[in-house]
Amino acid sequence: MIIRFLSVCSLFVFFFSCSNNHQQKDAIDYVDPFIGTGGHGHTYPGAVLPFGMVQLSPDNGTQGWDWCSGYHYSDSVIVGFSHTHLSGTGIGDLLDISMMPSVGKSLDTIMTPSSFSHKDESASPGYYSVKLKDYNILSELTVSKHIGWQRHTFPKSKNAMLRIDLGWAINWDKPTECFVKKMDDSTIVGYRFSEGWAKGQKVFFALRSGKIKEATVKMIADKIPAESDSAKGVKVIAGIEFETDENEQVIFKTGISFADVSGAISALDQEKGYNFEAIRQEARKAWQNELGMVDIVAEDTIKTIFYTSLYHSFLAPSLYSDANGNYKGADSLVKNSSEEIYSVHSLWDTFRGANPLFTLLQPSRVPLIINSFLAFYEQHGLLPVWDLHFWETNTMTGYHSVPIIADAILKGIKGFDYEKAYEAMKASANQNIRATDHYRKFGYVPQDKHGWSVTITLEYAFDDWCIAQVAKKLGKEEDYTEYSKRAENYKNLFDPESGFFRAKNSSGKWVEPFDPMHSEHGFDGMYIEGTAWQHTFFVPHAIKQYAELMGGDGALINKLDSLFTNNKPMTGENISSDISGLIGQYAHGNEPSHHIAYMYAALGAPDKGSRRIREILTKMYSTKPDGLSGNEDCGQMSAWYVWSALGFYPMNPASGEYILGSPIIRRAFITLDNGKKIEILVNGLDKDKAVIQSAKWNGLILEKNKITHAELMEGGKLEFTLTN
């Protein structure tokens with residue numbers, strides 16, 4: 001009886017263990033790329049590597065703001081799979097080198113879209129698939145470093161085709177010159193030149209497939225059929241026509257380059273064969289390596305949001321140099337680099353939380369990003385503001401390469417030239433465009449000289465504080481004094497009577513009338529993508545000094561309380577659609593609000609901050625396609641969740657300090673690049689317990705509701721105890 005009992009127990013343990021092993025999932029398995037593809041998230045669901053050059057994803061072909069990434073979850077039609085996409089931006093561009101399989105169609109200028117159903121669609125990091133209902137084709141996408149891979153499973157057909165549509169475009173983008181040529185019996189090459197948000201865009205491609213040998217290749221340039229094996233025009237279409245057996249899988253691989261065709265061909269030559277499944281598994285492995293560095297214990301819903309957020313945080317910036325190390329520079333000339341060059345820097349957004357996240361989780365990539373900034377500086381004369389494929393779009397306010405570089409220098413990250421970086425920072429601060437000349441002359445930006453004057457003044461003051469800190473570290477005392485003084489320019493626009501930062505004209509008089517609820521989305525507004533309520537709290541480098549202007553810590557705390565409880569409607573005829581995710585006037589759907597809840601702790605009211613942070617974590621993120629409260633903005637919206645779920649956030653993104661908030665995971669293990677590990681343990685986690693009762697680092701109480709980057713990089717245990 002005892003032996004039998006033990007055997008049964010052993011058998012139970014065996015099956016329990018097997019069941020647990022069967023149910024255990026990797027970090028990558030919690031990622032849902034469809035989160036953010038609905039609402040105003042503007043993400044795409046297609047295949048991409050971490051910080052990948054190729055973003056191979058479906059496009060619906062619909063014009064409109066919510067189709068900035070080419071795809072929106074509300075749509076039901078696919079017109080093609082293009083190789084470049086922007087993640088979560090507010091401006092539609094790229095979508096280069098579009099390809100679409102079909103059956104029963106002849107090549108002409110008419111598009112060949114297909115309907116699809118979400119039940120026949122799936123996506124995971126590095127992989128996407130969909131059933132094209134109108135053609136009964138299963139289309140699968142994956143990627144490698146410089147190549148987009150397509151695998152299409154066709155029905156039996158005497159008239160199957162892969163259509164290459166270089167002239168296709170939506171929203172801001174339009175082609176200016178396209179070219180395609182059949183190079184040999186398995187390779188088609190070409191390019192697409194276009195203008196959109198960025199000017200002078202150039203994308204070169206080389207498409208290879210064993211199926212081309214038995215296919216007929218046709219081309220149309222500006223509606224005229226080509227009579228040779230090449231075609232050039234403003235709009236060029238090519239069709240690879242072939243026969244297929246039932247369920248025949250046809251694989252196409254497309255190398256791309258932003259420099260020349262040879263770079264695209266080199267990508268193909270470096271990756272022999274057509275093993276789609278092996279490439280898919282390599283992409284999965286690459287993502288698991290990145291996502292698996294943070295292992296959390298939490299409810300499945302939170303795990304899904306967390307790992308999808310981490311995934312979105314690692315999509316941009318994207319690799320820009322090709323298989324030969326070449327890229328098109330900011331001066332439009334082809335450059336070569338021995339190390340990887342990155343582009344697509346949404347700096348107005350990402351300097352706040354996404355780039356600081358890289359210093360913790362991607363420190364080896366940080367110098368590559370900054371050296372890309374410096375290459376841009378060498379070619380353009382200034383650091384990038386918002387560079388899209390090394391074209392300065394000059395979108396948004398501030399010169400926010402500066403806090404990113406400053407953060408890296410102050411944290412001691414090596415791999416770039418500090419002196420050169422400092423020179424570049426000063427060049428951006430002393431330029432004579434983007435109202436910097438007015439800012440220096442008046443100590444603020446006058447509204448009658450330049451729009452968005454309040455936002456620009458506040459952000460320049462913070463950027464100048466960053467320069468001052470680097471000057472101090474590098475022993476440049478005169479510069480430290482100068483930029484420290486400039487960092488106080490925020491004071492020049494504070495109105496103690498209203499309690500807001502307000503616009504002044506060059507006469508020194510306030511702009512009248514003043515309505516803190518007024519929103520003007522256009523350039524004539526005083527605040528970019530917001531009202532006085534969202535922008536009045538941007539003094540992250542001098543919270544205490546700002547509180548003194550307001551009347552003390554208590555007065556600023558009361559102002560913060562009012563921000564979250566004021567439910568008055570906004571006024572104006574051109575209200576910004578970016579003001580979303582509202583709790584009172586706090587707008588989590590746009591980046592200027594992201595540090596605000598953490599100000600409470602800096603002012604001595606961490607309990608209030610913790611409650612608001614928990615509210616934002618639970619209300620503003622979900623597992624649905626519309627699970628983001630605003631534009632993803634190249635990782636910032638998601639980076640906020642990653643930081644905050646773990647329990648801290650860089651309120652001042654260049655201070656090297658993280659303010660404690662309200663963790664929502666039970667436990668986490670973070671493996672750092674230096675081999676050290678961070679353990680986070682949360683005691684008493686409950687939906688009604690948002691306030692930190694105590695926080696310990698390696699057993700010692702953290703008295704000031706913050707922890708430093710230097711402490712975390714040494715590894716250790718951060719233990720929270722929560723209360724209600």
Revision key, fill the gap. Scanning the stretch 142-181 residue by residue, those over 18 Å from Ile251 (Cβ atoms), buried (at least 17 other Cβ atoms within 10 Å of the Cβ) and not β-branched (Val, Ile, Thr) turn out to be Asp165, Leu166, Gly167, Trp168, Ala169, Asn171, Asp173, Pro175, Cys178, Phe179, Lys181
Exercise for review: Sort out which residues of the stretch 551-578 are among the hydroxyl-bearing types (Ser, Thr, Tyr) and buried (at least 21 other Cβ atoms within 10 Å of the Cβ), and write them in order of number.
Suggested key: Ser576
**Study point:** For Ser106: the one exception among (1) farther than 17 Å from Glu248 by Cβ; (2) at pLDDT 95 or above
**Key:** (2)
Practice item. Might you let me know whether the stretch 657-670 holds any residue that is assigned to a loop (DSSP other than H, G, I, E, B), assigned by TED's automatic domain parsing to the domain that holds Pro356 and more than 27 Å from the chain's Cα centre (by Cα)? Key: no
Point to revise | Meets criteria (crowded, with 19+ Cβ neighbours inside 10 Å and in the same structural domain as Pro650 (by TED's automatic domain parsing)) for Gly398 | key: yes
Point to revise | Checklist (1) in contact with an Asp or Glu (Cβ under 6 Å, 6 or more places away or on another chain); (2) in contact (Cβ under 8 Å) with a residue 24 or more places away in the chain; (3) surrounded by fewer than 24 Cβ atoms within 10 Å (Cβ to Cβ) applied to Ile220, failing item | key: (1)
Study note, to complete from the structure: Scanning the stretch 131-171 residue by residue, those touching a residue at least 60 places away in the same chain (Cβ under 8 Å), part of a loop (DSSP other than H, G, I, E, B) and not β-branched (Val, Ile, Thr) turn out to be Ser144, Lys145, His146, Pro155, Lys156, Leu166, Gly167, Trp168, Ala169, Asn171
Check your understanding: What helices (runs of 4 or more DSSP H) lie completely within the stretch 579-650 and have 3 or more residues being surrounded by fewer than 23 Cβ atoms within 10 Å (Cβ to Cβ)?
Key -> 606-619
Exercise for review: Within the stretch 235-255, identify whether any single residue is among the hydrophobic types (A, V, I, L, M, F, W, C), buried (at least 17 other Cβ atoms within 10 Å of the Cβ) and within 12 Å of Ile147 (Cβ to Cβ), and answer yes or no.
Suggested key: yes
Study note, to complete from the structure: Within the stretch 677-694, the count of residues that are under 25 Å from Gln362 (Cβ atoms) and in contact (Cβ under 8 Å) with a residue 40 or more places away in the chain comes to 3
**Study point:** Selection count, the stretch 355-396, where residues are under 21 Å from Gly92 (Cβ atoms) and either modelled with pLDDT under 95 or not charged (D, E, K, R) (or both)
**Key:** 11
Practice item. Look at Ala710 and say whether it is over 21 Å from Gly292 (Cα atoms), surrounded by 18 or more Cβ atoms within 10 Å (Cβ to Cβ) and of a type in the set (Gly, Ala, Ser). Key: no
Exercise for review: Go over the candidates Val130, Val143 one by one and state the one that is within 20 Å of Leu207 (Cα to Cα), within 25 Å of the chain's Cα centre (by Cα) and in the same structural domain as His85 (by TED's automatic domain parsing).
Suggested key: Val143
Review point. In the set Ser309, Ser332, Ser338, Ser321, which member is in a loop (DSSP other than H, G, I, E, B), surrounded by 24 or more Cβ atoms within 10 Å (Cβ to Cβ) and not hydrophobic (A, V, I, L, M, F, W, C)?
Key: Ser321
Study note, to complete from the structure: Reported set for the stretch 697-715 where residues are under 19 Å from Ala645 (Cβ atoms) and part of a strand (DSSP E or B) is Trp697, Lys706, Ile707
Practice item. Name every residue in the stretch 120-141 that is more than 19 Å from Phe252 (Cβ to Cβ) and in contact with a Lys or Arg (Cβ under 9 Å, 6 or more places away or on another chain), in order of residue number. Key: Asp120, Glu121, Ser124, Pro125
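The values are calculated or read from the model by the stated rules, or taken from the named source; none is laboratory data. The model shown is predicted, which means the values in this text are computed figures rather than measured ones. So basically every Cβ, Gly included, is an ideal-geometry build from the backbone, and we count neighbours across all protein chains shown.
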